[in-house]
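These notes concern the structure reproduced below.
The values are calculated or read from the model by the stated rules, or taken from the named source; none is laboratory data. Everything numeric here is computed off the predicted structure, so don't read it as measured data. For neighbour counting, all protein chains shown are included, and Cβ atoms are generated from backbone atoms with ideal geometry for every residue, glycine included. SASA here: full protein model, heavy atoms, side chains in, ligands and nucleic acids out. Shrake-Rupley method; radii C 1.70, N 1.55, O 1.52, S 1.80 Å.
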Amino acid sequence: NATDTPAGEVWQTLCRRWLTPTVPFAAHLALYDHVFATWDERQGPRPAWMPTPDEAGRTNIAALMRARGVADYSALHAWSIADRAGFWEAAIARLGLQFRDPPTRVLDDAAGPEHPRWLPGARYNLVESCLRADPATPAIVSGGPDGSFVTLSYGDLAREVGRVANAL
């Protein structure tokens, strides 16, 4: 019975089988609202995207788990609590964050766990880390209501960011 299928599973099926980029956004939104009409917000916000196991396996968090030999999310969470500095050091390395001035350490918890100082001494520019990819690699792909697509490369994006920065 379709009414017994969890909303998340219904949404995944719709997204994978029928809701292609050529379907107008209004149809996506109407189906989304219908599928999650009875969603209990106490379980968290309605999910917009739910990865397949293959998609989840290609994420940075999955790569971090493999590199550390962490079997599942519960074990990852336990590690992040037991070794906060080690977890964040590994996560920062995995993400390839670039600091103008590196931190003296990842975590200074001398004032106690209630008052941590993260990355003391660091200077960070988010844009520098975000724009490090090959300039020819697609950075943003957007779809129009007519089904057309526009692709902005990292090089294009860097030039646009530069134009905005110079205007400021």
For the range 81-168, listing GluC sites (Glu not before Pro) in a DSSP loop whose Cβ sees at most 10 other Cβ atoms within 10 Å gives E114
So I have [x] 52; [y] 47; [z] 69, and one of them is percent of Cα pairs over 21 Å apart calculated from this model. Which one is it?
[z]
Per-residue SASA entry for T137, accessible area with 1.4 Å probe, Å² rounded to 10:
50 Å²
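With +1 on each Lys and Arg Cβ and -1 on each Asp and Glu Cβ, how big is the dipole of the range 1-57 about its Cα centre, in debye rounded to the nearest 20? Before the final figure, lay out the partial values.
Working: 4 positive and 7 negative charges, 27 e Å.
The dipole magnitude comes to about 140 debye.
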Explain nothing, just the number: dipole magnitude of the chain about its Cα centre with +1 on each Lys and Arg Cβ and -1 on each Asp and Glu Cβ, in debye rounded to the nearest 20.
420 debye
Assuming R0 = 30 Å, can you tell me the calculated FRET efficiency for the pair T52 and V127, based on Cβ-Cβ distance, to the nearest 0.05?
0.45
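Where does the chain land at 222 nm, in deg cm²/dmol rounded to the nearest 500, when only DSSP H runs of n ≥ 4 count, each adding -39500 (n - 2.57), divided by all residues?
On the way: 8 runs with 77 residues, N = 168.
After summing the helix terms and dividing by the residues of the chain, the value is -13500 deg cm²/dmol.
How much net charge surrounds L152 when only the other residues with a Cβ under 15 Å from the Cβ of L152 are counted, with Lys and Arg +1 and Asp and Glu -1? Intermediate values should be presented prior to the final figure.
Details: positive: R159, R163; negative: D134, D156, E160.
Around L152, the charge tally is -1.
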Which whole-number percent is the relative contact order of the range 26-168 (Cα, under 8 Å, 6+ apart)?
12 percent
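Nearest 20 debye, what's the magnitude of the dipole of the range 58-130 about its Cα centre given +1 on Lys and Arg Cβ and -1 on Asp and Glu Cβ? Write out the running numbers ahead of the final one.
Numbers: 9 positive and 8 negative charges, 55 e Å.
Its charge dipole is roughly 260 debye.
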In whole Hz, with x marking every Gly and Pro, tabulate ³J(HN,Hα) for the range 15-25 from phi via Karplus 6.51 cos²θ - 1.76 cosθ + 1.60, θ = phi - 60°.
5, 7, 9, 10, 8, 8, x, 7, 6, x, 4
Positive end of the dipole of the chain, charges at C-beta (+1 Lys, Arg; -1 Asp, Glu), about the Cα centre: which of A67, T137, N166 has its Cα farthest in that direction?
N166
Once amide H atoms are built 1.01 Å from N in the peptide plane, which residues 5 or more positions from L107, or in another chain, come under 5 Å H to H?
L119
Considering only the other residues whose Cβ falls under 13 Å of the Cβ of F87, what net charge follows from Lys and Arg at +1 and Asp and Glu at -1?
+1
Quick one: helix 154-167 against the long Cα principal axis of the chain, what's the angle to the nearest 10°, folded into 0 to 90?
70 degrees
Per the charge dipole of the range 1-134 (beta-carbon charges, Lys/Arg positive, Asp/Glu negative, Cα centre), the residue among A27, H77, P120 reaching farthest to the positive end is P120
If I take R0 = 22 Å and measure r between the Cβ atoms of L29 and L152 in this structure, what FRET efficiency does the formula 1/(1 + (r/R0)^6) give, to the nearest 0.05?
0.35
Put a dot 7 Å past each Cα toward the Cβ at L97 and W18; how far apart are the dots in nm?
4.3 nm
